[in-house]
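As structure tokens, the structure follows; a few thoughts come after it.
The values are calculated or read from the model by the stated rules, or taken from the named source; none is laboratory data. Remember, it's a predicted structure, so these values are computed and weren't measured experimentally. Cβ atoms come from the backbone with ideal geometry, glycine included; neighbour counts cover every protein chain shown.
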Amino acid sequence: MIDDLRPDRPEGGEDSGSDAPYRGEVASLVGIVRGWGEDIRPDAEERLTGLAGAISRWNAVINLVSRKDIGRLVTYHFCDAASVLPLLNLRHRVDALDVGGSNGVPGLVLAALSPHLAVTVCDSRRKRSAFLEEAGGGGSEGAVGLGSFEVTRVDANAFQERHGQGFDLIVARAVTRLRPLIKWCMPLLRPGGRLVAYKGSRSLEEVGEARTYFFDHGGGMLAVAGSPIAEQCNPLRMFVIATRYL
């Protein structure tokens, strides 16, 4: 049973135990994002701190992030997730899909920060979807309480059939190489929609592999951009931005 997997909450409420150690790092991250001129949720710090605590608790039950990385959950993973925001220029509602972010990164991090994102995470693994529903689903059991958040457990093909061209933005971090990612994501993007893939030092190689397929299947523009805070979280981070025109 999924309920048997749920970790116990620390005594004393949601602000004790696993949440509290992250507050200072979260405050610093939110300050950095505000410095970029981004629109930020007024309760972003509370939401991100709750998310960090939820990941920490659940990581003892299911492997969400590497155990050696849990100590840098905010300074590396959250920071890396947020570093895409200056490239997105969000100023109005955006329907976004996180492909493969069933550990809450980057989708829940971005949704906790930006008031403009309505995020769906597609994941077929029941153990991780139970975590996502607690961390992002809201209500008394929600650590983050994002009203604009949905978890779907269907497999990839069923998801495509259900949603069609339903998204303005798709984000993917540490999922697969660019060509198969584009092949799966393009049918889900609205005209003008963007796929943003978190990539590394081999970004240009992957763009070369994917270029022909991309332009033959409705692609309009492929761009590679660096993170504006690369030195602060992930010096190797590059973003591939694929825009659908048709």
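Collect the residues in the stretch 210-246 that are among the charged types (D, E, K, R) and surrounded by 14 or more Cβ atoms within 10 Å (Cβ to Cβ), keeping them in residue-number order.
Result: ARG211, ARG237, ARG244.
Can you find, within the stretch 88-123, the residue that is surrounded by the most Cβ atoms within 10 Å (Cβ to Cβ) among those that are part of a loop (DSSP other than H, G, I, E, B) and among the small types (Gly, Ala, Ser)?
Looking at the filtered set, the residue picked out is GLY104.
Does ALA174 satisfy being under 15 Å from VAL99 (Cβ atoms), of a type in the set (A, V, I, L, M) and modelled with pLDDT under 90? Before you say what the answer is, go through the steps one by one.
Working: under 15 Å from VAL99 (Cβ atoms): yes; of a type in the set (A, V, I, L, M): yes; modelled with pLDDT under 90: yes.
Yes; evaluated as a whole, the condition is true for this residue.
Given the criteria in a strand (DSSP E or B), touching a residue at least 40 places away in the same chain (Cβ under 8 Å) and of a type in the set (Val, Ile, Thr), does VAL171 qualify?
Values: in a strand (DSSP E or B): yes; touching a residue at least 40 places away in the same chain (Cβ under 8 Å): yes; of a type in the set (Val, Ile, Thr): yes.
Yes, satisfied.
When the residues of the stretch 37-49 are filtered to those that are buried (at least 24 other Cβ atoms within 10 Å of the Cβ) and out of contact with any Phe, Trp or Tyr (no Cβ under 6 Å at 6 or more places or on another chain), which remaining residue is nearest to LEU73 (Cα to Cα)?
LEU48
What residue, among those in the stretch 182-200 that are assigned to a helix (DSSP H, G or I) and modelled with pLDDT under 95, is farthest from VAL119 (Cα to Cα)?
Of everything passing the filter in the stretch 182-200, LYS183 is farthest from VAL119 (Cα to Cα).
Out of the stretch 191-212, which residues are free of Cβ contacts under 8 Å to residues at least 24 places away in the same chain and under 22 Å from the mean Cα position of the chain (by Cα)?
ARG202
Within the stretch 66-87, restricting attention to residues that are among the β-branched types (Val, Ile, Thr) and in contact (Cβ under 8 Å) with a residue 40 or more places away in the chain, which residue is surrounded by the fewest Cβ atoms within 10 Å (Cβ to Cβ)?
Checking each candidate, the answer is THR75.
Output the residues belonging to the stretch 37-80 that are of a type in the set (D, E, K, R) and not in a helix (DSSP H, G or I).
Of the residues in the stretch 37-80, the ones of a type in the set (D, E, K, R) are 38-39, 41, 43, 45-47, 57, 67-69, 72, 80.
Within the stretch 37-80, GLU38, ASP39, ARG41, ASP43 qualify.
Would a scan of the stretch 201-217 turn up a residue that is within 13 Å of ARG244 (Cβ to Cβ), in a loop (DSSP other than H, G, I, E, B) and in contact with a helix residue (DSSP H, G or I) (Cβ under 8 Å, 6 or more places away or on another chain)?
Looking for residues that are within 13 Å of ARG244 (Cβ to Cβ), in a loop (DSSP other than H, G, I, E, B) and in contact with a helix residue (DSSP H, G or I) (Cβ under 8 Å, 6 or more places away or on another chain), one finds at least one in the stretch 201-217, hence yes.
If GLY139 satisfies every condition in (1) in a helix (DSSP H, G or I); (2) out of contact with any strand residue (DSSP E or B) (no Cβ under 9 Å at 6 or more places or on another chain); (3) modelled with pLDDT under 80 but one, which is the exception?
Status for GLY139: all satisfied but (1).
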